[in-house]
Structures are given as C-alpha cells and as structure tokens.
Amino acid sequence: MVGDDSISHTSDLAAGRATSPRHVLSIDLEDYFQVEAFAEVIARSEWESYPSRVVENCHRLLDIFDRYQVKATFFVLGWVAKRFPGLVREVHDRGHELACHSYWHRKIYSLSPADFRADTRLAREAIQQAASVAVSGYRAPTWSITSNSLWALDILAEEGFSYDSSIFPIHHDLYGVPGASRYPWTYASACGNTLLELPPATVPVLGTNMPAAGGGYFRILPLRFTEWAFRHFENAEKSLVFYLHPWEIDPDQPRIRGPLKSRLRHYTNLASTEDRLEHLLQRYSFQTFAEYIRGLSPSAPEQFKPLAG
C-alpha cells in the first residue's frame, strides 16, 4: 500500500512538472575563498595558497543533476577554468551549458571599462580553450552591473555576448538596479547589437522587490518562501532564474575569519542546502539559459533600458 501511494505521489509530481513552466537553473562555478564576502581578508594573490574544493563540490552537483536528469548553465570563473580545465570539459561533456563569470571575480563598478574588457576576454578565452566550445553568456561577480556600470552591457554586446544575467532588480548594499524589469528584457547597445538581460528572480512584497533567486536567499530564508516564489512565477506562466554556488553544498569547507556579517551570509545553513536543492529538483522542471532562449517567441522580451545614476 505504501508503495502504491509513493508511485501515485511521484506520478502527480511528474504530471505537475510537465504542465508547469520550465525554470532556469544556473551555477556560479567558483571556490569558497573567492567570494566577495571575504575579498577584504583574502587577496587574489593568495588564492593559490588555499586548499581548493571546487572540483569535488562541482562533481557532487553534477551527480545530483544526473540523478534528476536536469541540465544547468555553469557561469565559470576564468581562474577556475585555467587551473582546472578538465573540470570545465567535464561540465560540458555531461551536457551542461558553459558561460562566463569573469576571471578575477572583481566587482564591475570597481573596474575601468578597459579593465573590464580585458578581464572578460581573459576569462572567456580560458573557458573556451578548456572545453573547445563557444561562450555567449555572462554573469557579473556579485551582480555588480549596477546603474553606475551599465556601460558594461555595451562592452558585452561589442564582445559578441548574446545574453547577460547580472542585473538584480533590488535594493542592496553591494548591488542592484531597483528600477530594472523583473522579467527578461533586451538592451539595445551603442554598437547596434542587442543583449538579452535575464535577471535573477524577485517577487514583489509590500511595494518592493524581494530577492528569491537562490544563493544566500535560498539558504537563509525559509524554504516555504522559495516555494511561494516558484508558485508566483508559475501562476504568471513565467520562468524563474535560480542560482547556486558549489561551495553552498559543502558544510565542511575551511572557515575563514572574515567580518561577522560576511560569515553569517556565507556559512548559514550550508548543511541543509543539498537537501533543499534536491527538494526543488523533485518538484520543479529546469533548463539551461540556452534552452530557455531558444524557446522565446520572436516578440519577447520587450526592450527596456534602466537609467544610469
């Protein structure tokens, strides 16, 4: 009897997934010591001295995705691609999409346009050389394309990228463009090329956008809030953009003595993230950014251009 109930429940979930929008699953492929939370205490020149865990953690994610037969877009840090090209090749060989997450994980608004272009080219070359595949997507470290660095969109378009997922339409102490669209939009660049912007998920709460896209928000906020966000998007027949980092399923990673706020953001609920992720993979249907873009109608999305500050 228990077996019959289990089969029925599984069938119900499968039927629900088949009729609901397919959401976008993305991974920012970086190591635990490369995050913005600890940038003030770990110099980039010291990265080599820290024990890397990115290969092991990425393999765990790949195995989880294989179990649930889902594919993701991996925004790869160029530094990781240069040092672990075999890992990047494996991600591609196992059917996932590769995209760019910069080389040195520096906030875009802290760079000059020339430095941003050089970093982007270096990262893209490292990823493409590792896997022998073209890279057309970009995500800024720390969502750092803001109203003060919208020029980065023009550079991405000039460099031939077709889409970006960097603009978080929220208020935050480190990032965000509060007036930006919550849904995908196109950016008409100065060079004449268009760039598709695919923002991480937010939901409107009391007149403001609340982040509901993954990462620390997924770990720290109640799981019910994440499920409510998925229902919000599905009721609107929209795809939600979800993101995670490999280090977020690694509760045994070395502890770094950073500021208290940084430690709270980074270490909270690491032990439960893998179970939470599997819960989402059981309940919802996912795809890569490339698959999502291929499914867009010619008339969508609308053109939108946030105002620079």
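The values are calculated or read from the model by the stated rules, or taken from the named source; none is laboratory data. This is a predicted model, so every value here is computed, not measured. Ideal geometry is used to build each Cβ from the backbone, glycine not excepted, and the neighbour counts take in all protein chains shown. For the accessible areas, the whole protein counts, side chains as well, though only heavy atoms, and no ligand, DNA or RNA atoms are used. Shrake-Rupley method; radii C 1.70, N 1.55, O 1.52, S 1.80 Å.
Roughly speaking, to the nearest percent, how much of the stretch 78-157's 1.4 Å accessible area is carbon and sulfur? Let's see the in-between values first.
Values: 1380 of 2820 Å².
Roughly 49 percent of what the probe reaches on the stretch 78-157 is carbon or sulfur.
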Query raised in the report: Rg to Rh for the stretch 100-185: what is it, with Cα atoms only and Rh by Kirkwood?
Result: 0.96
Query raised in the report: At q = 0.13, 0.15, 0.17, 0.22 Å⁻¹, what base-10 log of I(q)/I(0) does the Debye formula yield for the stretch 127-246 when every alpha carbon is treated as an equal point scatterer in vacuo?
Result: -0.55, -0.72, -0.90, -1.29
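Which value, in debye to the nearest 20, describes the size of the charge dipole of the chain about its Cα centre when Lys and Arg Cβ atoms bear +1, Asp and Glu Cβ atoms bear -1, and nothing else is charged?
Details: 31 positive and 36 negative charges, 88 e Å.
With Lys and Arg at +1 and Asp and Glu at -1, about 420 debye.
With every protein chain present, what is the per residue accessible area of the stretch 151-309 (1.4 Å probe, Å²)? Display every interim value, and only then the final one.
Values: 7160 Å² over 159 residues.
Per-residue value: 45 Å².
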Query - Separation of the E56 and R263 label points, Cα + 7 Å toward Cβ, nm - result: 2.2 nm
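Quick check on packing: order 68-78, 216-226 by the mean number of other C-beta atoms within 10 Å, highest mean leading. Working shown, then result.
Values: 68-78: 22.4, 216-226: 16.1.
So the order, starting with the most tightly packed, is 68-78, 216-226.
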**Report entry** Charge dipole (the stretch 111-252, unit charges on Cβ, about Cα centre) - positive-most of C191, T208, S144
**Finding:** T208
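As a check on your grasp of the helix formula, calculate [θ] at 222 nm for the chain: sum -39500 (n - 2.57) over DSSP H runs of n ≥ 4, divide by the residue count, round to the nearest 500. Walk me through the intermediate numbers first.
Numbers: 11 runs with 122 residues, N = 309.
The helix-only estimate for the chain comes to -12000 deg cm²/dmol at 222 nm.
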Requested in this report: Mind grabbing the base-10 log of I(q)/I(0) for the stretch 13-168 at q = 0.08, 0.18, 0.19 Å⁻¹? Debye formula, identical points on the C-alpha positions, no solvent, two decimal places.
Outcome: -0.24, -1.11, -1.21
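Hey, can you find the accessible area per residue of the stretch 35-97 for me, probe 1.4 Å, expressed in square angstrom?
On the way: 2840 Å² over 63 residues.
The answer is 45 Å² per residue.
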Query raised in the report: Quick one: which of K107/K261; K71/K261; K71/K107 span more than 22 angstrom between C-alpha atoms?
Result: K71/K261; K71/K107
Query - Space enclosed by the convex hull of the alpha-carbon atoms of the chain, per residue, Å³ - result: 141 Å³
Query raised in the report: What is the gain in length, in nm to one decimal, between R67 and R294 on full extension, counting 0.36 nm per residue of separation less the C-alpha to C-alpha distance?
Result: 79.3 nm
